[in-house]
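S.K.: Got a structure for you, questions after.
Bear in mind that the values in this text are calculations on the coordinates, not laboratory data. Keep in mind that this is a model prediction, so the values were computed, not measured. When we count neighbours, we look across all protein chains shown, and the Cβ atoms used for this are built from the backbone with ideal geometry, even at glycine.
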Amino acid sequence: MQIPIFTVDAFTNRPFSGNPAAVCLLENDLDEDLHQKIATEMNLSETAFIRKLHPGDDFSKSSCFGLRWFTPASEVPLCGHATLASAAVLFYIQKNTNSVLTFVTLSGELKARQVGDHIVLDLPLYKTSPQVLQEVEELIKAAVGNLIVQDLRYSPDTKKLLVRLSDTYERSVLEKLQVRAQDFLSAEKTGKVKGLILTLKGNSPGNHSGHDFYSRYFAPWVGVLEDPVTGSAHAVLSSYWSEHLGKKEMLAFQCSRRGGELKISLRSDGRVDIAGKIAIVLKGNLTF
């Protein structure tokens, strides 16, 4: 059996930066256990599977496809960067002729469209609520040590904990922070956290990049110690920072070692457009 597979670096236009995702094009349904086996073999934060919804569908001509995402350890309900990568494979490699692609996913229908040299994802926008420090104190300590935390929020829809560091810190503090995400597994006692976002306001003196906020993201609960650039985390961050900055249009940067930039635009329908560039670094076939 052969399956076309591609590696796409998302939220960057430079190879070997941004967030890599593997994208598989499925001509036929795959045995259920093979999705996870392939994702484990690829060993990237996400492997995406694009499938045809009807027998006559065509990767170059159809506008609606099924889409699933797997980490090396489990299936996830939403992945932004692998959706961006999937749209890139259809638009740039399959030369799909539609202006908008729709993906049927565990998070409902997601749309992707081309705008200039960016691909724009239409994603859900997730609200956060205040989180009591005492409940997650050990986890916060494991994540940021003695750094000052300015705000603490929880997103029940995504099970993500948002930790905002003090505005007094520069971007370099977030970038240099040594995080042992493996320790989160024993430090998280509530059972409700499946992802941890560290974030920092971007208006420090000397910030000439125009970034409104910075972040890093950790998800050892789903087998990803640190994710390089995370669309789903920005579906939470967009809501939070829009409220705190009073802005609907924002530019964000995720400060992982690879790094990546996201253009954010809150929509009037309660969703969010997150745009990024891509670099295709590998084309091949899985053979088994």
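S.K.: Of all DSSP beta bridges in the range 129-266, what percent run antiparallel (nearest 5)?
M.R.: Values: 22 of 30 bridges.
Antiparallel bridges: around 75 percent, rounded to the nearest 5.
S.K.: Which three extents, in angstrom, do the Cα atoms of the range 24-117 have along their principal axes, listed largest first?
M.R.: 34, 30, 24
S.K.: What pairs in Lys194/Lys277; Lys95/Lys263; Lys127/Lys248; Lys52/Lys263 have C-alpha atoms more than 20 Å from each other?
M.R.: Working: Lys194/Lys277 27 Å; Lys95/Lys263 24 Å; Lys127/Lys248 15 Å; Lys52/Lys263 29 Å.
Pairs exceeding the cut-off: Lys194/Lys277; Lys95/Lys263; Lys52/Lys263.
S.K.: At q = 0.14, 0.15, 0.17, 0.19 Å⁻¹, what log₁₀ I(q)/I(0) does a Debye calculation on the Cα points of the range 129-266 give, no solvent, two decimals?
M.R.: Log-scaled intensity ratios, in q order: -0.57, -0.67, -0.87, -1.12.
S.K.: Working from the alpha-carbon coordinates of the range 195-244, get Rg over Rh, Rh being the Kirkwood radius.
M.R.: Details: Rg = 12.0 Å, Rh = 11.8 Å.
Rounded to two decimals, Rg over Rh is 1.02.
S.K.: Continuing with this model, one more query. Restricting the calculation to Cα positions, tell me the Rg (one decimal) and the Dmax (whole number) of the chain in Å.
M.R.: Considering the chain through its Cα atoms, Rg and Dmax are 18.5, 58 Å.
S.K.: How many angstrom lie between the Cα centre of the range 122-188 and the Cα centre of the range 228-279?
M.R.: Spelled out, the Cα-based centre of one part sits 17 Å from the other.
S.K.: What order, most packed first, do the peptides 121-128, 233-240, 266-273 have when packing is the mean number of other Cβ atoms within 10 Å of each residue? Could the numbers behind the result be given before it?
M.R.: Numbers: 121-128: 20.5, 233-240: 26.9, 266-273: 14.8.
Sorting 121-128, 233-240, 266-273 by mean packing, highest first, produces 233-240, 121-128, 266-273.
S.K.: Output ³J(HN,Hα) for the range 273-280: one whole-Hz value per residue in order, computed from phi by the Karplus curve 6.51 cos²θ - 1.76 cosθ + 1.60 with θ = phi - 60°, and x for Gly and Pro.
M.R.: 8, 10, 10, x, 9, 9, 9, 8
S.K.: Continuing with the same structure: Any chance you could get the radius of gyration and Dmax over the Cα atoms of the range 167-229, in Å?
M.R.: Here Rg and the maximum Cα pair distance are 13.5, 40 Å.
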